[in-house]
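Peer 1: This is the structure I want to talk about, given as structure tokens.
The values are calculated or read from the model by the stated rules, or taken from the named source; none is laboratory data. Note that the coordinates shown come from a computational prediction; the quantities given were computed from them, not determined experimentally. Glycine gets a Cβ as well: all are built from the backbone with ideal geometry, and neighbour counts include every protein chain shown. Just the protein is used for accessible areas: all its heavy atoms, side chains included, with ligands, DNA and RNA removed. Shrake-Rupley method; radii C 1.70, N 1.55, O 1.52, S 1.80 Å.
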Amino acid sequence: MTKPVKKRAYSSPVRQEQAARTRERIVEAAGDLFVSQGYARTTIRQIAEAATVSPDTVYAIFGTKARVLTALIDQRLAPAPGVDNVLDRPEAHAVRDEPDQRRQIHFFARDMAAISARVRPVYEILRTASAVEPEMAAIRAEMDNYRLRNMRQAADWIAAHGPLRVEVDRASEIIWALASPDVARMFCEGQGWSEDQYARWLEDTLARVLLLDESRS
């Protein structure tokens with residue numbers, strides 16, 4: 001008697017690649033629409049039409065328009081293919097692996113300034129939408145908590161190479177505030193600072209607040 005043949009789980013790399021391209025196309029289309037006409041005026045149908053997919057496809061992948069926006073923010077945070085977490089990028093690893101605290105902060109400030117330039121237009125959409133939509137306010141709080149966790153990791157990396165002026169928890173809160181998109185927006189868009197000027201200010205300020213004098217000599 002022959003043994004029954006076990007069915008193998010079907011997995012197609014081609015289908016996975018197609019699904020990833022579809023998702024990316026939707027996110028890019030949504031980004032263009034959110035920036036050009038605002039979050040409130042943009043509909044799922046418009047996003048679907050711009051991405052040449054059906055509205056049902058957008059709903060199936062993201063569920064809601066709000067989650068399309070969070071996916072767009074995630075993409076701007078870590079735009080490299082295959083990188084899901086902002087801390088998994090080479091720029092973040094450079095901060096983690098650098099043994100000198102002052103240079104850690106230098107790398108960190110440069111990275112945060114570059115990220116801010118990418119994220120600010122989309123984050124501004126989230127900020128303004130959160131003022132009028134409870135769902136968006138909850139998502140903004142979620143994103144802020146996510147960013148605080150990442151800043152705690154950055155503080156841990158810096159503290160691993162020497163003492164700080166403050167406890168690590170307080171250091172993470174300081175970094176979270178100073179490196180926020182809101183602060184960068186006030187300087188870069190409100191006062192016309194360049195990305196380089198903001199990066200140098202952030203580096204100098206974090207070094208003064210976090211590092212002991214001998215660490216900055």
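Peer 1: Only one of these is without any contact (Cβ under 8 Å) to a residue 24 or more places away in the chain, over 16 Å from Gln101 (Cβ atoms) and charged (D, E, K, R): Asp196, Asp169. Name it.
Peer 2: Details: Asp196 fails: without any contact (Cβ under 8 Å) to a residue 24 or more places away in the chain.
Every option except Asp169 fails the conditions.
Peer 1: Among the residues of the range 116-171 satisfying the criterion of being assigned to a loop (DSSP other than H, G, I, E, B) and among the charged types (D, E, K, R), which is modelled with the lowest pLDDT?
Peer 2: Restricting attention to the range 116-171, the residues satisfying the condition of being assigned to a loop (DSSP other than H, G, I, E, B) are 131-133, 160-163, 165-167.
Cutting the leftovers down to among the charged types (D, E, K, R) gives us 133, 165, 167.
Values: Glu133: 80, Arg165: 96, Glu167: 97.
Step by step, filter the range 116-171, then rank; the result is Glu133.
Peer 1: Which condition number does Tyr146 fail, the rest of (1) surrounded by 15 or more Cβ atoms within 10 Å (Cβ to Cβ); (2) in contact with a helix residue (DSSP H, G or I) (Cβ under 8 Å, 6 or more places away or on another chain) being met?
Peer 2: (2)
Peer 1: Please go through (1) without any contact (Cβ under 8 Å) to a residue 24 or more places away in the chain; (2) open to solvent by less than 70 Å² (accessible area, probe 1.4 Å); (3) not in a helix (DSSP H, G or I) for Arg41 and return the number of the only condition it doesn't satisfy.
Peer 2: Tallying (1) without any contact (Cβ under 8 Å) to a residue 24 or more places away in the chain; (2) open to solvent by less than 70 Å² (accessible area, probe 1.4 Å); (3) not in a helix (DSSP H, G or I), Arg41 fails exactly one: (2).
Peer 1: A further question on this structure: Regarding the range 73-84, can at least one residue be identified that is surrounded by fewer than 17 Cβ atoms within 10 Å (Cβ to Cβ), under 30 Å from Gly162 (Cα atoms) and modelled with pLDDT under 90? Quick ask: steps written out before the conclusion?
Peer 2: To start, the set of residues in the range 73-84 that are surrounded by fewer than 17 Cβ atoms within 10 Å (Cβ to Cβ) comprises 79-84.
Add one more test, that the residue is under 30 Å from Gly162 (Cα atoms), and what stays is 83-84.
Subset that is modelled with pLDDT under 90: 83-84.
Within the range 73-84 (the criterion being surrounded by fewer than 17 Cβ atoms within 10 Å (Cβ to Cβ), under 30 Å from Gly162 (Cα atoms) and modelled with pLDDT under 90), the answer is yes, since at least one residue qualifies.
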